[in-house]
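**Student:** Mind having a look at this structure? Questions to follow.
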Amino acid sequence: MASSILLLNTRGEVLIYRSYRDDVSRTEVSQFCTQVVAAKEASERPIVTLNGVHYINISQNTITLVAASASNVNTAMIIQFLYKLIDLFKAYFGGEFNEASIRKNYVLIYELLDEIIDFGLPQITEPEVLKQFITQGGIKKDMKDEQIIGALIQATGATSWRPEGIRYKRNEVYIDVIENVNVLMSSKGTVLRSDVSGQVMVKSQLSFMPECKFGMNDKLAMASETQSLDKGISIDDIKFHQCVRLGKFDKDRAITFIPPDGIFELMTYRVTENINLPFKLMPIYQEYGNAKIEISLKVKSMFDRNLFATNVVIKIPTPRNTGKCNIFVVSGKAKYEPEQSAIMWRIRRFPGDSEYTMRGSVNLVTTSSEKVWSKPPISIDFQVPMFTASGLRVRFLRVIEKSNYKPIKWIRYITKAGSYQHRI
């Protein structure tokens with residue numbers, strides 16, 4: 001239960017202030033603005049208590065969103081609601097959320113805050129529902145009684161995220177499995193840390209009120225199928241969109257849902273075991289006193305030869321007193337970039353099961369400073385379509401609807417580099 005909602009800029013100035021209860025005064029709120037936000041401490045302290053008032057805050061770009069309450073509230077729910085607020089504002093502001101977009105839409109923001117919160121309690125937060133009776137200008141449409149009843153049913157019904165009567169000439173559903181692989185390798189090539197953060201994005205263009213059933217090669221799901229030879233993968237930290245029926249997932253590990261119309265995030269997950277590393281780095285740094293460094297770097301792609309990586313960028317660090325560099329590569333382009341203090345090796349297309357080598361000599365400029373080079377790790381950025389580092393795959397996708405139409409289904413996979421580093 002929030003007594004008031006605030007939007008602040010980095011200087012602690014109040015851009016938006018909406019009070020729902022009288023147990024927190026504007027004077028008390030001003031203390032938080034000056035003591036915490038203006039002092040640049042908000043990002044370090046998501047929950048702040050001053051004089052018996054709790055300030056739960058999150059930051060996005062240059063904006064701090066704050067929910068103030070004098071009672072013992074559910075902080076996890078409030079934080080989730082604040083993030084939902086950001087998504088709602090972005091849906092109305094064309095994807096932008098910054099001080100300029102807030103100043104342009106004062107009237108609209110206050111109109112939304114009045115609709116989505118009642119006496120400090122969150123109510124409707126679905127953009128598609130709100131857009132039926134709140135326009136971009138912040139003025140309510142003249143709606144007929146039937147439209148008002150329909151909007152209320154959608155907002156308070158079992159599927160508030162999807163209106164009735166959606167029709168498409170061509171029914172399609174797209175599933176994108178997007179993974180970010182994070183790896184830290186020691187200088188000897190042993191894996192110190194590895195994990196995969198993934199998300200399943202869905203683009204739904206389905207008519208009426210379909211029910212979708214989505215299955216993965218989850219270890220628990222595969223264990224229940226005695227005929228399957230695939231043992232599956234262990235998935236941690238799963239978070240679902242509100243449309244997913246959690247009871248059915250707990251029962252048979254299948255994800256059943258009535259999808260919102262358009263693009264949405266169905267789930268996020270994390271995998272920490274048996275990571276398939278897409279690239280192996282083999283660096284050799286040979287130092288010749290304080291005058292020269294010779295570098296050799298082999299990069300091997302570990303995925304199938306039928307696949308390929310795109311937009312591969314390898315950052316090979318060099319000392320700040322680097323002078324002239326002589327670099328040789330067979331594939332791609334490599335050059336020393338002083339602003340990065342590194343040799344940047346770019347390869348547009350990297351085939352699977354291949355190995356490329358970069359060799360270079362770095363001449364160092366003599367300096368008066370005796371500071372030892374810290375040797376930051378080599379990092380690599382890439383995208384590998386149709387490959388998952390976790391091994392996750394979609395086993396089935398079924399769409400059931402009363403009219404019995406047959407939709408077209410598309411499933412894509414892509415693995416990207418998160419923090420992919422190799423120490424030297």
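**Student:** Would you please name the residue that is farthest from residue 21 (Cα to Cα), looking only at residues in the range 100-119 that are open to solvent by less than 40 Å² (accessible area, probe 1.4 Å) and part of a helix (DSSP H, G or I)?
**Tutor:** Residues of the range 100-119 open to solvent by less than 40 Å² (accessible area, probe 1.4 Å): 101-102, 105, 108-109, 112-113, 116-117.
Still in the list and also part of a helix (DSSP H, G or I): 101-102, 108-109, 112-113, 116.
Numbers: 101: 27, 102: 23, 108: 21, 109: 19, 112: 17, 113: 14, 116: 15 Å.
Among residues in the range 100-119 that are open to solvent by less than 40 Å² (accessible area, probe 1.4 Å) and part of a helix (DSSP H, G or I), the one farthest from residue 21 (Cα to Cα) is 101.
**Student:** Go through the range 60-72 and count every residue that is open to solvent by less than 50 Å² (accessible area, probe 1.4 Å) and either more than 22 Å from residue 50 (Cβ to Cβ) or modelled with pLDDT under 90 (or both).
**Tutor:** From the range 60-72, those open to solvent by less than 50 Å² (accessible area, probe 1.4 Å) are 60, 63-71; that's our starting set.
Imposing the further condition that a residue be either more than 22 Å from residue 50 (Cβ to Cβ) or modelled with pLDDT under 90 (or both) reduces the set to 60.
The number of residues fulfilling the criteria is 1.
**Student:** What tally of residues in the range 120-135 results from selecting those that are free of Cβ contacts under 8 Å to residues at least 40 places away in the same chain, open to solvent by 40 Å² or more (accessible area, probe 1.4 Å) and closer than 18 Å to residue 243 by Cα?
**Tutor:** Matching residues across the range 120-135 total 1.
**Student:** When you look at residue 311, is it open to solvent by 80 Å² or more (accessible area, probe 1.4 Å) and under 30 Å from residue 239 (Cβ atoms), yes or no?
**Tutor:** Values: open to solvent by 80 Å² or more (accessible area, probe 1.4 Å): yes; under 30 Å from residue 239 (Cβ atoms): yes.
It is true that residue 311 is open to solvent by 80 Å² or more (accessible area, probe 1.4 Å) and under 30 Å from residue 239 (Cβ atoms).
**Student:** With the structure loaded, tell me whether residue 311 is farther than 20 Å from residue 289 by Cβ, among the polar types (S, T, N, Q) and touching a strand residue (DSSP E or B) at 6+ places or on another chain (Cβ under 7 Å) or whether it fails that test. Working first, answer last.
**Tutor:** Details: farther than 20 Å from residue 289 by Cβ: yes; among the polar types (S, T, N, Q): yes; touching a strand residue (DSSP E or B) at 6+ places or on another chain (Cβ under 7 Å): yes.
Yes; evaluated as a whole, the condition is true for this residue.
**Student:** I've got another one for you. For residues in the range 275-291 being open to solvent by 70 Å² or more (accessible area, probe 1.4 Å) and either in contact with a strand residue (DSSP E or B) (Cβ under 7 Å, 6 or more places away or on another chain) or of a type in the set (Val, Ile, Thr) (or both), which is nearest to residue 216 (Cα to Cα)?
**Tutor:** Of everything passing the filter in the range 275-291, 280 is nearest to residue 216 (Cα to Cα).
**Student:** Going residue by residue through the range 319-334, is there one that turns out to be in contact with a Leu (Cβ under 7 Å, 6 or more places away or on another chain) and outside any strand (DSSP E or B)? Walk me through how you get there before you give the answer.
**Tutor:** Step one: of the range 319-334, the residues in contact with a Leu (Cβ under 7 Å, 6 or more places away or on another chain) are 319, 321-323.
Narrowing the set further to residues that are outside any strand (DSSP E or B) leaves 319, 321.
Within the range 319-334, one or more residues are in contact with a Leu (Cβ under 7 Å, 6 or more places away or on another chain) and outside any strand (DSSP E or B).
**Student:** Turning to a different aspect of this structure: Looking at 295, 263, which is the one that is closer than 25 Å to residue 418 by Cβ, in contact (Cβ under 8 Å) with a residue 40 or more places away in the chain and open to solvent by 50 Å² or more (accessible area, probe 1.4 Å)? Explain how you work it out, then say what you get.
**Tutor:** Details: 295 fails: open to solvent by 50 Å² or more (accessible area, probe 1.4 Å).
After applying the criteria, what remains is 263.
**Student:** Go through (1) in contact (Cβ under 8 Å) with a residue 40 or more places away in the chain; (2) open to solvent by less than 70 Å² (accessible area, probe 1.4 Å); (3) assigned to a strand (DSSP E or B); (4) not charged (D, E, K, R) and name the single condition residue 238 misses.
**Tutor:** (1)
**Student:** Specify which of the listed residues (94, 12) is open to solvent by less than 50 Å² (accessible area, probe 1.4 Å), at positive phi and assigned by the TED database to the domain that holds residue 120. I'd like the intermediate steps shown before the answer.
**Tutor:** Numbers: 94 fails: open to solvent by less than 50 Å² (accessible area, probe 1.4 Å).
Of the residues listed, the single one that is open to solvent by less than 50 Å² (accessible area, probe 1.4 Å), at positive phi and assigned by the TED database to the domain that holds residue 120 is 12.
The values are calculated or read from the model by the stated rules, or taken from the named source; none is laboratory data. Quantities reported herein were computed from a predicted structural model and do not represent experimental measurements. Backbone-built Cβ (ideal geometry, glycine too); neighbour counts: all protein chains shown. Quick note on the areas: whole protein, heavy atoms, side chains included, nothing else; ligands and nucleic acids left out. Shrake-Rupley method; radii C 1.70, N 1.55, O 1.52, S 1.80 Å.
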